[in-house]
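The values are calculated or read from the model by the stated rules, or taken from the named source; none is laboratory data. Here the structure is a predicted model, which means the values were calculated and not measured. Cβ atoms come from the backbone with ideal geometry, glycine included; neighbour counts cover every protein chain shown. Note: areas computed on protein heavy atoms with side chains; ligands, DNA, RNA excluded. Shrake-Rupley method; radii C 1.70, N 1.55, O 1.52, S 1.80 Å.
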Protein chains: 2
Amino acid sequence: MTRSQQEQEQEFHAVTLERPSIVDARDAVADGIDRGALVTVFGRCTVEYDGRASSTLDAGDRHVMLKPDGAALVHTDEGQQPVNWQPPGCDHEVSCERRDADADRSDAAENAGGTGTETETETTGTTETLTLESVRSTPDERLLVRFRNVLQVSAFSGTDETELALSGTEEDLRQRLLDEPDLLEPGFTPLATERDTAAGAIDIYGEDDAGRTVVVELKRRRVGPDAVSQLRRYVDALGRDLHADATVRGILVAPSVTDRAKRLLTEHGLEFISLEPTAT
Amino acid sequence: MTRSQQEQEQEFHAVTLERPSIVDARDAVADGIDRGALVTVFGRCTVEYDGRASSTLDAGDRHVMLKPDGAALVHTDEGQQPVNWQPPGCDHEVSCERRDADADRSDAAENAGGTGTETETETTGTTETLTLESVRSTPDERLLVRFRNVLQVSAFSGTDETELALSGTEEDLRQRLLDEPDLLEPGFTPLATERDTAAGAIDIYGEDDAGRTVVVELKRRRVGPDAVSQLRRYVDALGRDLHADATVRGILVAPSVTDRAKRLLTEHGLEFISLEPTAT
DNA sequence: CGTTCCATATCGCTA
DNA sequence: TAGCGATGTGGAACG
């Protein structure tokens, strides 16, 4: 094995502790963070969040992931979304805390202090907690996870230089229409994309065969009222930007529209063309 | 230890395999899924998705989570969001596949078939893959993760009966305004919430001290043009629903607005009141 | 189921 | 950094 291969191998590994002590867990998490690893902790914990909003979560068994870019994720056994999280850019800190054994059940006891209740209880078995804290600024946000029981700590190292190749996006729909403008209507001529107006940028700006200005708003999927409002904003703004007498057509391009959106389109003299991001 | 405690203990545990064989990994994943555990796999894999859109991801080291509710998450070491995923409601399947060693680098070789290239290569060391597949319908979607190298498989069992307590939401802002209507303006009287119109439901519907109809749209944070359009839709719709001569005021309530939104408000004769979800 | 709208939305781009 | 709009948005409430 060459030196290069050794280094690569060294980068691709996992360290796992099962049922570690709180202190061992702390050391493993700290080491993983220091080495730029992706760290996971599974166990019984409470969660507190304060920042754009505030939340608390009582004790339960959850999976926590700390990423080297500063992101933090707390997952329960349900849902695609984490129950609590922190965006990339945070500083992760890990520590041990000696807490009142009742504190995790009721934060009312948080300020009780060492009043002799630090003995073990039959339900918790320990008064020590593994504390994970992820903090960032702009906006100021703080996530706090306290484990009273840790079943597993892991630190994963690896490489991922690849990029996702995705198709079926609004960008694909745009290319499809620019490649074949007649899909909108015969004689349509695209003149610009992302054309700026006082209300924002128009997806596709062009002219119809009669020389009338056309504003095209693209959506990759079935649309509701919000997309109609968006198109309307652009048509209004362009009408002001150009002469007051100029005729501006607004066309929504999407696979389909809801009934309410259809009504709004009609109400405001806007049009709809059914088109999907990829050819069927 | 009582029987009840034993059962509870049995529910809270983790099974971990480090550097398992592909076959052992398959068995551990299958067992975890069968037992309703949260299963994680870390290793070098490729990912394919097809459904609402389509995507492919070349080989890299990633963390995969399979939840008992059918959700699947593929995480790299960066970003809060998974690089690929599947929503709850999927069926997870796990299997071993014998594949052409080059197949994971280029799917062009996928249909090559057994043409004698199944010998091990120096870079992969094996031609077997651990394949995770998560499928659902409505819409038809399929996620396929193929591991060439598995560093860890874990299956976590636990309980989480708690619910998140969250504050600082739009609902809090609504309650704040309903409790103290003068925060909007002296003499404001709320008459209904979620009042339905042809354009959708109004957050708060009421009257000012002069008996004029008031439409209030709430946002928990700083708003842009979309919120103004939304308010405008409701005001327009209510104007049609009521008599044509009725005066309808539209008031946007949020912590702050962007310049462009401010301009749109003025353009359409709408108003703005600065208010946050929670008292400062 | 589909529709509608909120979200600690997140993410990428641009001025 | 803030604004703006897309997202395989996800999720809940409602019809």
Top-ranked residue in region A:125-146 [being open to solvent by less than 30 Å² (accessible area, probe 1.4 Å) and over 24 Å from A:P87 (Cβ atoms); ranked as modelled with the lowest pLDDT] = A:T127
Residue list for region B:186-227, restricted to those being facing chain A (nearest Cβ under 10 Å) and within 9 Å of DNA strand C (Cβ to nearest atom) | B:A199, B:G200, B:R220, B:R221, B:D226
When you scan region B:176-204, how many residues do you find that are hydroxyl-bearing (S, T, Y) and open to solvent by less than 40 Å² (accessible area, probe 1.4 Å)?
-> 1
Look through region A:83-98, keep the residues that are buried (at least 20 other Cβ atoms within 10 Å of the Cβ) and more than 7 Å from chain B (Cβ to nearest Cβ), and return whichever of them is farthest from B:S154 (Cα to Cα).
-> A:C90
What residue, among those in region A:152-175 that are crowded, with 17+ Cβ neighbours inside 10 Å and among the small types (G, A, S), is nearest to DNA strand D (Cβ to nearest atom)?
-> A:G168
If you take the residues of region A:266-280 that are of a type in the set (A, V, I, L, M) and within 16 Å of DNA strand D (Cβ to nearest atom), which of them is farthest from the other protein chains (Cβ to nearest Cβ)?
-> A:I273
Please go through region A:205-224 and pick out each residue that is away from DNA strand D (no atom under 15 Å from the Cβ) and surrounded by fewer than 21 Cβ atoms within 10 Å (Cβ to Cβ).
-> A:E207, A:D208, A:D209, A:A210, A:G211, A:R212, A:T213
Can you name every residue in region A:140-165 that is at the interface with chain B (Cβ under 10 Å from one of its Cβ atoms), outside any strand (DSSP E or B) and of a type outside the set (S, T, N, Q)?
-> A:G158, A:D160, A:E161, A:E163, A:L164
Note on region B:13-26: residues hydrophobic (A, V, I, L, M, F, W, C) and over 15 Å from A:V153 (Cα atoms) are B:I22, B:V23, B:A25
Would you please name the residue that is farthest from the other protein chains (Cβ to nearest Cβ), looking only at residues in region B:38-73 that are in contact with a Pro (Cβ under 9 Å, 6 or more places away or on another chain) and open to solvent by 10 Å² or more (accessible area, probe 1.4 Å)?
-> B:G51
Of all residues in region A:225-264 being among the small types (G, A, S) and surrounded by 16 or more Cβ atoms within 10 Å (Cβ to Cβ), which is nearest to the chain's Cα centre (by Cα)?
-> A:A227
Selection over region B:228-257 where residues are within 11 Å of another protein chain (Cβ to nearest Cβ) and either more than 21 Å from B:P181 (Cβ to Cβ) or more than 13 Å from DNA strand C (Cβ to nearest atom) (or both) yields a count of 8
